[in-house]
1. Can you give me the three principal axis dimensions of the stretch A:132-260 from its C-alpha atoms, in Å, biggest first?
2. Give me the lysines in straight-line cross-link reach of A:LYS234: C-alpha distance below 21 Å, same-chain residues under 8 apart excluded.
3. Per-residue ellipticity at 222 nm for chain B, helices alone: DSSP H runs ≥ 4 residues times -39500 (n - 2.57), over residue total, nearest 500 deg cm²/dmol?
4. Across 5 Å bins from the origin, how do the percents of Cα pairs in the stretch A:312-379 run, short distances first?
5. Modelling each spin label as a point 7 Å along the Cα-to-Cβ direction, I'd like the B:VAL26/B:GLN151 distance in nm, to one decimal.
6. Quick check: convex hull over the Cα atoms of the stretch A:357-492, volume per residue in Å³, rounded to an integer?
7. Would you mind giving the three semi-axes, in whole Å and largest first, of the ellipsoid equivalent to chain B according to its Cα gyration tensor?
8. Note down the Stokes-Einstein diffusion coefficient of the stretch A:267-376 in µm²/s, whole number, using a Kirkwood radius over alpha carbon pairs, 4 °C, and 1.567 mPa s.
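Read-outs: derived from the displayed coordinates by stated rules, not from any lab. Quick caveat, the model's predicted, so the values are computed rather than measured. Glycine also receives a Cβ, built like all others from the backbone with ideal geometry; neighbour counts cover every protein chain displayed.
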Amino acid sequence: MCTGSAIALRFFDSPTSKPGGIDRVTDTAQSSLAHSAGQKPPFWRNVTFLKWAVQIVVLALVVGAFWFLAKEARQNLVDKNLEPSFNFIEGPANFQPGEGIDTQPDTAGRALWVGMVNTLRLAGLGIVASTIMGVMVGLARLSNNWVANKAAGIFIETLRNIPVLVQIILWFAIISQLGKLTPESGKLGGSFFVTKKGISVPRIFLADGFYQWAALMVVFFAGLLFTRRKLQAKQDREGGDQKVGTKLFVLTIVAAVVAAIINPIMSFLGPVFDEFSDIWGDIPRSLMQTALSLIAIVGAVEFIRRFLNSRRTPAGLAKLDDDDWFRMIFAGLLALLAVGFFWKAWPGLSSWIIHSGSDFFGVAGDKFGDGRGARPFDAMLPTVTDGNIANYAKTGLTMTVGFTALFLGLVFYTASFIAEIVRGGILAVPKGQSEAAAAMGLNRSQALRKVILPQAFRVVMPPLGNQYLNITKNTSLAIAVGLSDVVQVGQSVYNKNNQTLAVFAIWIAFFLTLSLTISFVVNTINRKLAIVER
Amino acid sequence: MSDTQTLVTDDAEEPAASTRPEIPIVPPRRWIKENLFSSKSNGVQTVLFSALMLSIVRWLLSLIFAEASDWTSVTTNMRLLFAYNYPAAQFIRVWFCLGVIIVAAMLTMGAWNAKPEFSLRKMAISTTAGGGFLAVIWFMCTVGFGFAPLQKVDGMSSGLRLGTFLLAALLIALGLGVLNFVHEPHKIWIKFTTMLFALTGSVLGFLWLVPFGRYEFADGEVINESGTVATSTKVPWTYMMLLLVGAYFVGRWLRQFIPEANYRMVMIVWWIVGPSFLIFHVLRDPAFDMGYVFRVDVPMALAFGLGGGALLYALAKPGRGEIARAIGAVLLLFAAYNWLTAGLGSGHLFGWESMLQKARITFLMLSFAVLMAPTFSGEPAARRRFAYGWIGFIAISHWLITGINTPSTLDIAAPPFLGGFVLTLAIAYYVFLASFPLGILMALARTSKLPLFRVMATVYIEFIRGIPLITVLFFFSIMINLFLPNGMSIAELGSVFVGYTLFSGAYMAENIRGGLQAIRKGQYEASDALGLTTVQRTLLIVLPQALRVTIPNLVGQAIGTFKETSLIAIVGGFDLLRIGNSTIPAQSVFQGQKRPALLFVCFVYWVFSYSMSRASRRLETKLGVGD
């Protein structure tokens, strides 16, 4: 035993070896005596009663405290003439995000949307880049080459011990002192700019034919899956190397090229989507409310049914304790609450679903409409605007200084953690596995790809998911480098109209949705990967 | 260097030589062949990674010695970076705090009988490697390679070049000398005391002999003279180094007189309470009104301490459990009523609304203690210890609260008396300390059998873990005063602290929950069989085991907390990062000088988190957890 618990024992004086313990023992003894004599214990000694009394009192205190604080906040806001409301979303933006899908948004809601897209972009790119970098560094850390091993070790130990915010700000300071931007400062024939205004590279973008092309690809993909199954069956039947992967790769390329040529044939989908849009838009609100309520109620009923089934034993339904009852009542109450929410508290939700669904199909109809160009993708070289102050034009894919600093800081920091996770995961695969792979005649890279990594992946996935969550949340540090992410835009919005509480609600909803989505995806992968045991 | 430390020895006074790991000795030629050029791909890797490393080092050197980087912005602003606006005339208080912390750390080493030893061979290898690294730096800054990516780095002053060259030569000579001329260096282990003396000697030598130059920044004037470092730097550091050595021997000497368990207990209590005294009594320097203190504060503390102690002693007697709970409930109601009337500002019953805040807090604490009394019941000696614990708690908490409530005598230009690295450390320390009980509570609630508690804890933890720290800090720094009743407000730093604690508590809860899940069912069943109450089972059986398993994760979280304090720079605190990123570049002499200060900030953060993570790895090995 460690000394900590020894101290604790001396300090708290365990009642077990001393007469001090008698107090509780007699309490228990009395109640059990009373119980055995067939008398009911008085309610203040009834464990179930005490349990619920304590819980309800604490819940009441918590709810009371929140109610009190909310009341004060409301009063304070009303005193300052700042009743919280979400109406500002439709109001003017009054400011311009530095970058994003729309640098001149009309409304504050649109500006927030631009910020959200920037956050998502950064998180997505960051996750991909830090995973690639982390895996590479993690593998180098395990290399039997001394230099590679030590270099990876220094990378990890340096970067993970410096706060990510400090790294981001340092990158910002470094990039801000790069060379000046002029039309001549481009490299490789003007297709590549690295200056104090950020980085600009050629941009590949979705052209008009993209949606038809994507729809065709979905069709082709079904065919490819079918081919894969056939090829795999042949491989299993005949043995040898049928080169399944190579054949599928070539077929995919061919499909993509063919689809790029013949994609206008999919334009018949345009009117279909328009029709869908009309039908969806004609749904009455009450129908949508009924449907949503039905989903909630059916969900609760299904939960209770499954719960009861899990308690059913061959001898009949097991005795339900208060905890079981609590779960079922809780599920029912949640469903009722949801119904009340749909009908009374926020009927606008149903209207919103109807409108946005209709809009969605309408936009899809436009995208597939006739007269669209045939090319699914297009590309443009970066250029520099003329004028007194040189700036990047919108032709290239430009990473502003803020974006580059934040991206580099997040990726290097997170990669140092991912590298350690990958290393741990690979070390967790028993040595016998790589020996068995070698005995079967696989070479090192085959053994790594087909035996070690798939098993390491299982260990790596949960902590990797945590790192993805961290990188997503850390994008909010954009505010330190003036990048227009959802937090920075939100701050600009509430500095203009003082709707601080509403903006906080939007932030929280956005980040919670994002986090829950990521953990849902990671958990699903995890479940799929888990070793199936008896 | 910490690479070479052996495990901290605990019980055995002198570790037997046979327990030390045998280090295989490989001749250099074979080592190079095996580790660098064992196969073709291995050789390619060696060349590739060496080139990569060299170009990164060169790039860093070019950042450091670039013409645009004015390092006097850092060297003259050391005081600002570490203690912000703390008045220079009273700077001795900062040194005093540092001295106390050094002494306490050394005494703690004594209490745990820690005396790490170092392998001479490994140290010689590290010394040679360090010398080699310096030699590479010297080479790059003086000669450089011919081709473009590894060209000579300009900007290093000739004096610094000479110093680097000399130091590199010295280290290489020392390392190689030990390796070649000492008989069997791998069998020689250097004692910690030797290392301590060597460290002190070299630090003092560097301070008093090497001409780094005198830098100061006073009244907008930059002083930059040649010579050794300023007297205001080298004299205090000399005292600190002497304290370090002295306190180490005092700590070992005290072991002979104080029973080990008591010694450790005192040190633990000191680390929980001591920093608050340093911050609120030494650094903040409250102006006590002695008359008021003796008229009000001392009698109040005496009444609560002695009265409460007597009450607890009486109620902890076996068989009085239900009376104690009843009295505790009444006291709790009374305390809650008091807080409510304070909050609503409308309580006129008994005229208690004018009660001192300190009394309100103490009543609440007393009610909790009374409710806990049956848990601590036992024979008179145990009950006395319980009562003494209460009296000690009252003495410490009343002294602290009185100090915090008294106005400060400091003469500071800008209001926050905490700033710079001191603020970083203080926030990290308090957040960790405060989120610990919160985390334990939430972890227990989340694993509890009581469904409502479980739901509440789960909602809290998952909610906090789903949103970024910066939104929480914004919320608390902007909004908290909106939620408070009229007339009540929290200082800026206080609200940031509250928000950060709530945030950190959720992560702490998840860490501790991991420890709780590692406890076998048999432990619960055994404690039930012994007739322990739930509280006793949790305090005596479950938590000690769970926390022990959690220690590595907790250290990891402490490092995380320390690193993330940099976010308070965004919400208005003048911490290390804020000073490096905006205060120094705003000084008229150093207009726009960001890079040197930021590199320095990186270095400070790195040194602290790296040493913490090394320490945690040693602790992990010693405790035998994590395998």
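1. Answer, in whole Å and largest first: 59, 47, 28 Å.
2. Partners within reach: A:LYS243, A:LYS247, A:LYS450.
3. Values: 23 runs with 388 residues, N = 627.
My calculation for chain B gives -20500 deg cm²/dmol from helical runs alone.
4. Spelled out bin by bin, the stretch A:312-379 gives 3, 12, 9, 10, 10, 9, 8, 8, 8, 8, 6, 4, 4, 2, 0 percent.
5. The modelled label-to-label distance comes out at 3.9 nm.
6. Spread over its residues, the Cα hull of the stretch A:357-492 gives 266 Å³ apiece.
7. In descending order the semi-axes read 49, 33, 25 Å.
8. On the way: Rh = 17.2 Å.
Reported coefficient: 75 µm²/s.
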